[in-house]
Amino acid sequence: MTEQNSTGISAETLIRLSAAQLAEKLAAGEVTAVQATQAYLDRIAAVDGQVNAFLHVNAEEALAVAAEVDAIRAAGGAEAESLHVLAGVPIAVKDLIVTIGQPTTAGSKILEGWHSPYDATVVERLRAAKMPILGKTNLDEFAMGSSTEHSAYGPTRNPWDLDRIPGGSGGGSAAAVAAFEAPLALGTDTGGSIRQPGAVTGTVGVKPTYGSVSRYGAIAMASSLDQIGPVTRTVLDSALLHQVIGGHDPRDSTSLPEPLADLVAAAKTGNVEGLRIGIIKELHGEGYQAGVENRFNDALELLKEAGAEIVEVSCPNFQYALGAYYLIMPSEASSNLAKFDGVRYGLRVLPEDGPMTIERVMGATRAAGFGDEVKRRIILGTYALSAGYYDAYYGSAQKVRTLVQRDFDAAFEQADVLISPTAPTTAFPLGEKLDDPLAMYLNDVATIPANLAGVPGLSLPGGLADEDGLPVGIQLLAPAREDARLYRVGAVLESLLEAKWGGPLLAQAPALGAESLETQEAK
């Protein structure tokens, strides 16, 4: 990884550039897309055996797309001028998003080896921008989890400490970006599955406004909550990627009709003076790790010094959000996963004895193909939707959802943007909470309200906790359709924090800076 390419830039330096920096060097001819893509493929080969961020590596196609970009740039002319700013910048895709030419497993044995006959809309847009797709990343099975330990293909490990979780369900995408295996990735966020992994891996994760990025081609868990979004190393990189994948899609019935605002310009504004930033009373304090609280308070102080007005807001119904979510989400999941029946596609397991009925094939297939967490949520959701309990459970949860939305409406009358820690703790050890589902679910307590209300949320690195030296995330929330506010405030806060630290947080990671992942594994 220390070899230099023909332009004199070492591969080690190349993979540590932000996506925006790499795009500039590609446009200036200082490096080729093939060189950049190969550097990331080499990094994956070197370290992913320890991290397990990727379920499938797409080397041949990625290099072919990179070579096409290089040929267009070399030829010059109108086609070269029209290339997207991110053309040639590699990207990884969560394996819940369907792609032609690569398997899509959703982290489940029930879809092992399955190839989609079509691309998700976001993948089509990546291809249109000529971004080489490095491969598909690991996740909790069908996105059900907060630690990426529920994957049928083994857990992903946190590049900061290989004995800890990288968050979930999109731990593979976050770990790939944090381990410098990809400059950009796509994730999905149903209750925090982009933002919470971002928090514990020191990366930036964004859940866009519900409906502003097409869900067409994302395997559904909970259709009213799921949202595709960026996983990156900087706020500007997230804005650049969000601009590529966002916008109306007629194939998604929930897609918003209006175009996106200029998110990249918002990320370059560099000013929060006069903005009202609201501290959510219910999303910090008791139950939050001391080091998380300390970094949160540091961020508030920096924003205040930059001219923002800090106010406290109360969202009293947020205390019920976790319970409501864990009724709505499994209810929708039990309906969405009904299609995995062993008849139409995917795994088929035949019963060992007895009559060969569809019901018995379905039962045998699901017993073998679904993991414990998926089965738990299907059972819970089916129970909540049953005739005798629908009103008491699912109906009541939807009423709480409305109350959470009203809390957000009231809070945004007092503040332009809301702020909280992204997760109550730093990354916990692998296996620590596998046998305690409730403790696992509590990791999403700060992120779930945004999904219930459909508002956008952004998590960015807030520093390192005093107790363990692991990353802490700061969450920003804005009203629906106001994603640009997140990028404006997030970019300023990122700049202020990096000035305080003396550089990007990922540069301080012991496994990724002076020491390599191989050295850490040897220890």
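Set side by side, the residues 135, 101 differ, and just one is modelled with pLDDT of 95 or more, part of a strand (DSSP E or B) and over 17 Å from residue 220 (Cα atoms), which is 135. The set of residues in region 267-281 that are crowded, with 19+ Cβ neighbours inside 10 Å, closer than 25 Å to residue 445 by Cβ and of a type outside the set (Val, Ile, Thr) contains only 278.
Scanning region 393-441 for residues that are of a type in the set (S, T, N, Q) and assigned to a loop (DSSP other than H, G, I, E, B) yields 422, 425, 426.
The listed residues are 94, 109, and the only one of them that is surrounded by fewer than 22 Cβ atoms within 10 Å (Cβ to Cβ) and of a type in the set (Lys, Arg) turns out to be 109. Taking region 304-337 as the range and being outside any loop (DSSP other than H, G, I, E, B) and over 25 Å from the mean Cα position of the chain (by Cα) as the test, the residues that pass are 304, 305, 309, 310, 311, 312, 313, 316, 317. Apart from one condition, residue 507 fits all of (1) of a type in the set (A, V, I, L, M, F, W, C); (2) assigned to a loop (DSSP other than H, G, I, E, B); (3) under 20 Å from residue 180 (Cβ atoms); the exception is (2).
If you go through region 32-48 one residue at a time, do you hit one that is among the hydroxyl-bearing types (Ser, Thr, Tyr), part of a helix (DSSP H, G or I) and touching a residue at least 60 places away in the same chain (Cβ under 8 Å)? Among the residues of region 32-48, at least one is among the hydroxyl-bearing types (Ser, Thr, Tyr), part of a helix (DSSP H, G or I) and touching a residue at least 60 places away in the same chain (Cβ under 8 Å), which makes the answer yes. Taken together, 173, 147 contain a single residue that is in contact (Cβ under 8 Å) with a residue 60 or more places away in the chain and part of a loop (DSSP other than H, G, I, E, B), which is 147.
Of everything listed in (1) part of a helix (DSSP H, G or I); (2) touching a residue at least 60 places away in the same chain (Cβ under 8 Å); (3) within 29 Å of residue 427 (Cβ to Cβ), the single unmet condition for residue 297 is (2).
Against the conditions (1) more than 29 Å from residue 193 (Cα to Cα); (2) of a type in the set (D, E, K, R); (3) touching a residue at least 12 places away in the same chain (Cβ under 8 Å), residue 16 satisfies every one except (1). Out of 255, 314, 334, one residue alone is of a type outside the set (A, V, I, L, M) and over 26 Å from residue 407 (Cα atoms). It is 334. Evaluated against (1) closer than 18 Å to residue 447 by Cβ; (2) outside any helix (DSSP H, G or I), residue 387 falls short on exactly one condition, (1). Within region 307-353, the set of residues being acidic (Asp, Glu) and farther than 25 Å from residue 114 by Cα comprises 309, 312, 353. The residues of region 338-361 that are out of contact with any Leu (no Cβ under 9 Å at 6 or more places or on another chain) and part of a helix (DSSP H, G or I), listed by number, are 338, 339, 358, 359. Could you tell me which residue of region 55-82 is nearest to residue 173 (Cα to Cα), considering only residues that are within 28 Å of the chain's Cα centre (by Cα) and not in a helix (DSSP H, G or I)? If we take residues in region 55-82 being within 28 Å of the chain's Cα centre (by Cα) and not in a helix (DSSP H, G or I), then 55 is nearest to residue 173 (Cα to Cα).
Does residue 81 meet the test of being within 21 Å of residue 244 (Cα to Cα) and either touching a Cys at 6+ places or on another chain (Cβ under 8 Å) or surrounded by fewer than 18 Cβ atoms within 10 Å (Cβ to Cβ) (or both)? Answer is yes for this residue.
Kindly evaluate residue 96 against the criterion of being without any contact (Cβ under 8 Å) to a residue 60 or more places away in the chain and either under 15 Å from the mean Cα position of the chain (by Cα) or on the phi > 0 side of the Ramachandran plot (or both). So residue 96 does not fit the description; no.
From the list 369, 395, exactly one residue is over 30 Å from residue 473 (Cα atoms) and free of Cβ contacts under 8 Å to residues at least 24 places away in the same chain. Which is it? Sole residue among the options that is over 30 Å from residue 473 (Cα atoms) and free of Cβ contacts under 8 Å to residues at least 24 places away in the same chain: 395. Beta carbons closer than 7 Å, at least 6 apart along the sequence or on distinct chains, pair a first residue in region 423-449 that is free of Cβ contacts under 8 Å to residues at least 60 places away in the same chain with a second that is surrounded by fewer than 21 Cβ atoms within 10 Å (Cβ to Cβ) for 439/433.
The values are calculated or read from the model by the stated rules, or taken from the named source; none is laboratory data. The structure presented is a predicted model; accordingly, all values stated were derived computationally and were not measured. Because the Cβ atoms are built from the backbone with ideal geometry, glycine has one as well, and the counts that use them run over all protein chains shown.
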